[in-house]
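The values are calculated or read from the model by the stated rules, or taken from the named source; none is laboratory data. Not measured: the values here are computed from a predicted model. Cβ sites come from the backbone with ideal geometry, for glycine too, and all protein chains shown count toward neighbours.
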Amino acid sequence: MHSRTFNPNQNSQDKQSIMATILQNLPKECSLTKIEYEGPRIALHSNKPEFLLNNNQVLSNIVNLIKKRIVLRLDESIRKNESEVTKIIEKQIPKEAGFTDILFDPALGEATVFVRKINHIVSKDDKITNKLINQTGWKLNFRKTPRSMSLLKEINKITNKNSESRTQFYKRVGETIFREKLDPNVEASLISLGGFAEIGRSSMILTTNESNILIDCGMNTYSNDPLLMFPRFDSIGVKPSEIDAIVLSHAHFDHTGFVPVLFKYGYNGPVYCTEPTSFLMYMLFREYIKRYKEKALYSEKEIEEVYSHLIYLNYNIVTDLSPDVKVTPYNSGHILGSSSFHFHLGNGDHNFVYTGDLKFGKSCYLDNATWNYPRVETLLIEATNGGREDTFPSREDATEKLISSINVAIKDKSTVLIPTQLIGTSQELIITLDQLIKQKKIEKCKIHVDRLIIDANSIHESYTEFLNKEVHQNIVSGDYNPFRSKNLNIIDIFDEKKDLDPGIILLPSSMLQCLHSIDYLKKVIHKPSNMIIFICNQMNGTVGKSIIDRQKEISINNTKYSIGCKIETIYSFNSHSDFNQLNAYISRLKPKLRKILVNHSERHKAQNFASYSSKVHNIPTQYQLNQEASRIL
């Protein structure tokens with residue numbers, strides 16, 4: 001681990017040099033009021049909105065000179081108060097756009113305006129936006145109003161409550177990032193804390209002479225053993241306060257679930273992720289507390305701490321994490337906002353890519369994972385489906401099987417239960433099934449979904465730019481919004497006495513472990529014409545795994561149940577790459593890699609994939625165990 005001896009005078013000199021360069025290259029009419037750090041960016045505050053709107057080229061030139069990210073902010077002195085801004089918005093936005101709400105972020109001087117028909121704003125070529133920025137003194141972002149605003153408002157309430165502390169936090173983070181390097185040499189190692197030769201609790205530390213960057217920080221709720229549930233911070237002696245930054249690849253709990261615990265025990269630094277990731281993981285944090293109650297490892301207080309320390313990342317944009325580490329997120333194709341991270345170490349000394357959870361294959365709602373990086377020397381790739389047996393049928397063949405399986409049950413007026421992930425496979429299936437029903441390939445039926453899935457869908461509606469081009473354009477234009485389909489029916493309350501309605505039930509419990517899913521499972525399994533379709537691999541020890549292994553009887557909470565319904569598996573719809581797709585991804589990367597590391601896989605599959613990759617791709621490939629370090633530079 002690195003140790004630091006700060007030289008505050010040197011840090012001050014560096015800052016003065018950067019600020020002097022900015023001032024020398026800004027036009028006099030910019031009316032600059034202050035320059036300050038805003039986390040990994042340098043914020044220029046002006047009291048002239050027109051400068052914010054009309055000087056992109058000037059700013060681009062300065063960025064090229066100082067090699068730092070710059071953001072323009074409007075000075076607080078010209079901002080109208082929130083009620084005035086709301087009145088102006090209501091008056092100026094075209095009625096056909098359907099203004100519904102506005103959420104303010106005083107710490108950044110930004111406001112997000114929600115409208116029912118976003119195409120009426122997008123089509124105006126920024127004229128409406130520019131006019132409103134001039135009138136309000138706030139930087140405005142426009143988004144489509146989702147079916148539910150509750151999640152967005154909850155997080156906005158937290159960030160507003162902590163506006164002052166967030167402003168100071170951004171300055172502190174900036175001072176740390178833009179300090180002088182302590183050591184001209186660059187060395188880097190990757191220490192595995194969880195999710196290596198296993199699935200669950202993904203976490204690792206990228207450590208250099210200058211910094212400790214924590215990459216993902218998940219929890220494994222399928223185990224009761226603390227040594228298997230949590231990242232193994234105990235094995236490396238790194239205190240939460242010694243971590244410089246947390247970078248999260250996507251929202252799933254096995255990649256984010258332990259983050260609030262770090263704040264409970266002393267972490268006070270930045271958490272970097274894409275904006276959709278922040279909203280989706282909030283749902284999972286909240287559900288964890290609801291499920292485990294007093295046994296939960298953290299409370300609302302720690303969740304609030306996480307959201308007071310968030311800094312958003314954007315795809316394809318370089319962000320400084322520390323004096324010697326930069327990161328660029330790219331679409332990983334896994335779920336909404338999921339990222340593969342390209343780490344740039346030192347002054348171009350080494351380029352390291354962590355794929356995160358990866359989908360390098362067809363999806364109904366997301367683009368394929370990005371593969372065309374400028375440079376990569378070391379690759380850390382997930383291998384959930386790293387066994388040679390994990391070769392799935394084509395999407396076309398899988399769709400045909402889905403159609404025929406569901407139609408058999410629907411014609412018998414029966415129920416099809418599909419366990420899914422709350423985030424990812426739920427949305428993939430909603431779009432797939434809705435289109436097949438509209439095309440009359442599947443018999444007309446209802447798609448019954450848990451209200452939690454509707455909440456997750458709402459984030460997808462508002463962040464359509466993270467969806468693939470077709471779905472994005474359909475939602476923005478108003479032509480087709482699969483998340484508002486009339487075929488969707490919300491399940492509000494489970495009625496133990498009532499029989500299940502015929503149709504398709506999507507339950508947000510991919511391995512049938514949650515209490516709510518068990519209630520539905522018990523109603524489905526006794527009827528021979530009912531069906532369960534699994535689309536995700538099942539972990540050992542889960543209810544889903546017992547069913548897939550064709551056990552005629554399963555035990556739930558010490559009660560035994562006979563399995564009488566039909567069982568099908570159709571894995572082509574899941575959100576991970578299969579064996580062939582993983583290898584296709586490696587083959588695409590240019591120039592040739594020097595080293596491949598494998599994680600996020602059962603041990604025998606990680607072994608298989610590492611061995612195959614070494615031989616076929618002729619690249620040294622190894623799988624790491626937890627609590628091991630690998631020198632990458």
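To keep it simple, each residue is scored yes or no on (1) small (G, A, S); (2) in a loop (DSSP other than H, G, I, E, B).
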site: Q551; (1), (2): no, yes
site: S555; (1), (2): yes, no
site: E568; (1), (2): no, no
site: S577; (1), (2): yes, yes
site: N583; (1), (2): no, no
site: Q607; (1), (2): no, no
site: N618; (1), (2): no, yes
site: L625; (1), (2): no, yes
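When you look at I158, is it within 28 Å of N81 (Cα to Cα), modelled with pLDDT of 95 or more and among the aliphatic types (A, V, I, L, M), yes or no? The answer is yes for I158.
Of all residues in the range 399-420, those that are in contact (Cβ under 8 Å) with a residue 24 or more places away in the chain and farther than 12 Å from I570 by Cβ have Cβ atoms under 6 Å from Cβ atoms of residues that are crowded, with 16+ Cβ neighbours inside 10 Å and β-branched (V, I, T), 6 or more apart or on another chain, in A409/V416; T415/V524; L417/I505; L417/V524; L417/I532. All conditions but one from (1) at negative phi; (2) out of contact with any Asp or Glu (no Cβ under 7 Å at 6 or more places or on another chain) apply to I199; the one that does not is (2).
Checked against the criterion of being at pLDDT below 95, crowded, with 19+ Cβ neighbours inside 10 Å, of a type outside the set (F, W, Y) and part of a loop (DSSP other than H, G, I, E, B), the range 330-344 has no qualifying residue.
Residues in the range 92-108 that are of a type outside the set (S, T, Y) and either within 31 Å of the chain's Cα centre (by Cα) or modelled with pLDDT of 95 or more (or both): 11 in all. Candidates E553, E568, E602: the one that is within 30 Å of V416 (Cβ to Cβ), assigned by TED's automatic domain parsing to the domain that holds H350 and among the charged types (D, E, K, R) is E602.
Residue by residue, here is whether (1) polar (S, T, N, Q); (2) within 19 Å of P27 (Cβ to Cβ); (3) in a helix (DSSP H, G or I) holds:
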site	(1), (2), (3)
I70	no, yes, no
S77	yes, no, yes
K80	no, no, no
I88	no, no, yes
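Conditions (1) basic (K, R); (2) in contact (Cβ under 8 Å) with a residue 12 or more places away in the chain; (3) touching a Lys or Arg at 6+ places or on another chain (Cβ under 8 Å), marked per residue:
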| residue | (1), (2), (3) |
| --- | --- |
| R550 | yes, yes, no |
| I570 | no, yes, yes |
| S575 | no, yes, yes |
| N583 | no, yes, no |
| H600 | no, yes, no |
| A606 | no, yes, no |
| K615 | yes, no, no |
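Among the numbered conditions (1) of a type in the set (S, T, Y); (2) crowded, with 19+ Cβ neighbours inside 10 Å; (3) in the same structural domain as V471 (by TED's automatic domain parsing), the only one that T384 does not meet is (3).
Among the listed residues K359, K413, identify the single one that is assigned by TED's automatic domain parsing to the domain that holds I453 and in a loop (DSSP other than H, G, I, E, B).
Values: K359 fails: assigned by TED's automatic domain parsing to the domain that holds I453.
From the options K359, K413, the qualifying one is K413.
T378: touching a residue at least 24 places away in the same chain (Cβ under 8 Å), in the same structural domain as I205 (by TED's automatic domain parsing), touching a Ser or Thr at 6+ places or on another chain (Cβ under 6 Å) and hydroxyl-bearing (S, T, Y), yes or no? So T378 fails the test. Of everything in the range 163-196 that is surrounded by fewer than 21 Cβ atoms within 10 Å (Cβ to Cβ) and under 30 Å from R603 (Cβ atoms), the residue that is modelled with the highest pLDDT is S189.
Picking from residues in the range 552-565 that are at pLDDT below 90 and surrounded by 12 or more Cβ atoms within 10 Å (Cβ to Cβ), the one that is farthest from Q513 (Cα to Cα) is Y561.
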